[in-house]
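The values are calculated or read from the model by the stated rules, or taken from the named source; none is laboratory data. What you are looking at is a predicted structure, and each value in this text was computed from that prediction instead of being measured. Heads up, the Cβs are rebuilt from the backbone with ideal geometry, glycines too, and the neighbour counts pull from every protein chain shown.
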Amino acid sequence: MISATPEPNNSTSPTAKQLTTAMSPAEIYSEMEPIDRPIDRSHIIAAGIKSLAAWCLRLLIISAAIYVGWLIIKQMSRGVLPVALALIVCTVLWPIVSWLRAQRVPAGLASLIAILITFGCFGGLIWLIAPNVGRQSQTLYYQTFEGVQRLQLWLQGPPFNLADEQINQRINEAARWVQNQSGNIAGEIFSGLGIATSILVTIGIVLVLTFFFLKDGDRFLPWLRSITGQRVGWHLTEVLTRSWIALSGYIRAQAIVSFLDALLIGAGLVLLGVPMALALTVLTFIAGFIPIVGAFVAGSLAVLVTLVSLGLTKAIITLVIVLAVQQFEGNVLHPVLQSRAINLHPGIILFAVTVGSSLFGIMGAFLAVPVSAIVAVIARYTQEMIAIRAGEKKASEIVFVTQAGSLGGLDGELTGLKMRAAFRTMTSPLHREKSTTAEQSETTLPRHNNAVVVSKKVVAKLKTGTKRVQTKLVQRFKR
C-alpha cells in the first residue's frame, strides 16, 4: 500500500513506479482516462453477441428439458390421466368433505359419503333421462326417415333438379361403401369395446385415488416439506396451494357457466318441442367443461336433431338460441367468472385447447385449461420472487396465501439483498477517488471496498431484523 506519511522531498504525489507497483492496471487506467470516455463499438457488439449466445444456450437447455419431460409424460399418460382426473374431482368434492370433517366426521367416512353423494346424483340423472330417451328414440328414428324423404324431394326440385335414378345411385354407392367397410367397422366395434373396458378401469382407478386424496390430502404438504427441506418446501407449499385454489376456482366457475348454458338452451329446446330435450340439455352441461369446442359440438347436435325432427324453421330458431346463449356466455359469464379464477386470455385458452385436443384427444381438450392455469400460477409466482430479489417489491407487498409463502418471501428478500450487494461490489468502478491533495489520494480507499463494507452492514442488519420474524412464523406454521 502507498504510505500515508509524506516523503521528505518536495513531491507531494506518488511516482509512476509507486503507482505501477501499488495499483492494479484497471486502477491506473481509470486514473489516466475519464470514466465516461467513448469506446469502440466492436466491444459493444461483442458483448451483445456474448449475451445472446449465453441466452441461446440457456434456451436450448430449457427446451431440451421440456422435450424430455414431454416424452416422459407421453409414456406415462395412462398413469398421469387418472391422477389428473382424480385431482379435478377432488376440487369438486372437497367442500363437502371439509364441511363434514368440520362436523367431526372421520376423514375416511367423510370422503366416502362425498363420493356416494356424487354417485347418487349421477345415478338419479341417468334414471331420469334413460326412460325419456328410450321413448323418444323410436319417434326420432321415424322423424329422421321422414326428414331424409323431405331432403330427397328438395333435391329433386330447383335448383338441383336431380332425378330419382341419380339419388338412388348415390344411395346405392353409399350402401356398397358401407358393405365394403364392414370388416373395418367390426374392427372399430371391437376396438370400441376395448376402449370402453379401458374407460371403466380408468374410472375405477380415479375413484380409488379420489378417496385417498380426499382422506389424506392434508398430509401431503407437510410430507413434501420434510422431503425437500425447509426453504424449498416454503415455495412449493405456496405454489401448490395457489394451483389448488386456481384449479378449484376454474372448476366451480366452469360448472356455473355450463349449468347456465344448459339451462337456457334446454329451456329453448323444451319450448320448441325438440325430442330428447333433457338428454341434449345434460350433454350441453357436460360439453361445457371443454371450452369453446364443447359448446360448439353440443349446439351443432341440438340443431341437427331439431332439423331432422321438426324441420328447417325450428332448426334456425334453435341455432339462433344456441348462438345467443354462447354470445352471452363468451361476453358476460366467461369474462366475469373465469377471469377471477384463472385470469387467462381467451387466445391462450383457445391455443391450449387446440394443442391439447390434437395431442391427447378429448381428454387433452378437457385438461388443457386446468394445466394452463397451473402453468400461469407458477409463472406469476416466479415473477413475484424475481421482483422481490431484484428489489422492485418487498415481501410485505405480495399477497401470500400461506404462512410458508410469507417465509419464502422473507427469505427471498434476504437472498436478493445479498445478490444485489454482491452485484454492486463486482460492478463498482475500480478507481480511487480524486482529491486535491496527495495525502487524500494516498489514503482514500477504493469505492468497491466501501461498497463491501456497506453491503456487509446492511446484510447483517437485515438478518438481525428478520430473524425474530422468521422464528415466530416458523413456530406458528409448525403449530
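Does Val270 fit the bill of being surrounded by fewer than 18 Cβ atoms within 10 Å (Cβ to Cβ), among the β-branched types (Val, Ile, Thr), under 19 Å from Gly364 (Cα atoms) and not assigned by TED's automatic domain parsing to the domain that holds Leu87?
On the way: surrounded by fewer than 18 Cβ atoms within 10 Å (Cβ to Cβ): yes; among the β-branched types (Val, Ile, Thr): yes; under 19 Å from Gly364 (Cα atoms): no; not assigned by TED's automatic domain parsing to the domain that holds Leu87: yes.
Answer is no for this residue.
Identify, by number, the condition in (1) surrounded by 14 or more Cβ atoms within 10 Å (Cβ to Cβ); (2) more than 18 Å from Leu87 (Cα to Cα); (3) not aromatic (Phe, Trp, Tyr) that Ala253 doesn't meet.
Only one criterion in (1) surrounded by 14 or more Cβ atoms within 10 Å (Cβ to Cβ); (2) more than 18 Å from Leu87 (Cα to Cα); (3) not aromatic (Phe, Trp, Tyr) is unmet by Ala253, namely (2).
Taking Gly405 as the residue in question, decide whether it is over 17 Å from Gly233 (Cα atoms) and over 12 Å from the mean Cα position of the chain (by Cα). Steps first, please.
On the way: over 17 Å from Gly233 (Cα atoms): no; over 12 Å from the mean Cα position of the chain (by Cα): yes.
No; evaluated as a whole, the condition is false for this residue.
With over 32 Å from the mean Cα position of the chain (by Cα), among the β-branched types (Val, Ile, Thr) and surrounded by 11 or more Cβ atoms within 10 Å (Cβ to Cβ) as the only criterion, which of Ile129, Ile96 stands out?
Details: Ile96 fails: over 32 Å from the mean Cα position of the chain (by Cα).
Going through Ile129, Ile96 in turn, just one is over 32 Å from the mean Cα position of the chain (by Cα), among the β-branched types (Val, Ile, Thr) and surrounded by 11 or more Cβ atoms within 10 Å (Cβ to Cβ): Ile129.
Within region 361-391, take every residue that is in a helix (DSSP H, G or I), in contact (Cβ under 8 Å) with a residue 24 or more places away in the chain and over 17 Å from the mean Cα position of the chain (by Cα) and give me the one that is surrounded by the most Cβ atoms within 10 Å (Cβ to Cβ).
Ile388
Among the residues of region 397-407, what is the count of those that are within 19 Å of Arg231 (Cβ to Cβ) and in a helix (DSSP H, G or I)? Please lay out each step first, then the result.
Here is the first cut: in region 397-407, the residues within 19 Å of Arg231 (Cβ to Cβ) are 398, 400-407.
Still in the running and in a helix (DSSP H, G or I): 403-407.
Count: 5.
Any chance region 67-77 includes a residue that's assigned to a loop (DSSP other than H, G, I, E, B) and either modelled with pLDDT of 50 or more or under 30 Å from Ile199 (Cα atoms) (or both)? Can you show your working first?
Start the filter on region 67-77 by keeping residues that are assigned to a loop (DSSP other than H, G, I, E, B), which leaves 76.
Still in the running and either modelled with pLDDT of 50 or more or under 30 Å from Ile199 (Cα atoms) (or both): 76.
Yes, because at least one residue in region 67-77 is assigned to a loop (DSSP other than H, G, I, E, B) and either modelled with pLDDT of 50 or more or under 30 Å from Ile199 (Cα atoms) (or both).
Does Ala341 satisfy being in contact with a helix residue (DSSP H, G or I) (Cβ under 8 Å, 6 or more places away or on another chain) and crowded, with 16+ Cβ neighbours inside 10 Å?
On the way: in contact with a helix residue (DSSP H, G or I) (Cβ under 8 Å, 6 or more places away or on another chain): yes; crowded, with 16+ Cβ neighbours inside 10 Å: yes.
Judged against the criteria, Ala341 is a match.
Check every one of the helices (runs of 4 or more DSSP H) wholly within region 261-359 and list those with 2 or more residues that are at negative phi and over 29 Å from the mean Cα position of the chain (by Cα).
Output list reads 277-287, 293-310, 312-328.
For Gly217, all conditions in the list (1) of a type outside the set (Lys, Arg); (2) at pLDDT below 85; (3) outside the structural domain of Ile113 (by TED's automatic domain parsing) hold save one; what is the number of the exception?
The failed condition is (3).
For region 231-260, give me each residue that is more than 21 Å from the chain's Cα centre (by Cα) and either without any contact (Cβ under 8 Å) to a residue 60 or more places away in the chain or not in a helix (DSSP H, G or I) (or both). Give the steps one after another, and end with the answer.
The initial filter retains those residues of region 231-260 that are more than 21 Å from the chain's Cα centre (by Cα), namely 231, 259-260.
Answer for region 231-260, where residues must be more than 21 Å from the chain's Cα centre (by Cα) and either without any contact (Cβ under 8 Å) to a residue 60 or more places away in the chain or not in a helix (DSSP H, G or I) (or both): just Phe259.
Do we find that Ala110 is under 21 Å from the mean Cα position of the chain (by Cα) and modelled with pLDDT of 90 or more in this structure? Give the derivation first.
On the way: under 21 Å from the mean Cα position of the chain (by Cα): no; modelled with pLDDT of 90 or more: yes.
Against the criterion (under 21 Å from the mean Cα position of the chain (by Cα) and modelled with pLDDT of 90 or more), Ala110 does not qualify.
Exactly one condition in (1) touching a residue at least 60 places away in the same chain (Cβ under 8 Å); (2) surrounded by 17 or more Cβ atoms within 10 Å (Cβ to Cβ); (3) aromatic (Phe, Trp, Tyr) is not met by Phe328; state its number.
Checking Phe328 against (1) touching a residue at least 60 places away in the same chain (Cβ under 8 Å); (2) surrounded by 17 or more Cβ atoms within 10 Å (Cβ to Cβ); (3) aromatic (Phe, Trp, Tyr), the one that fails is (2).
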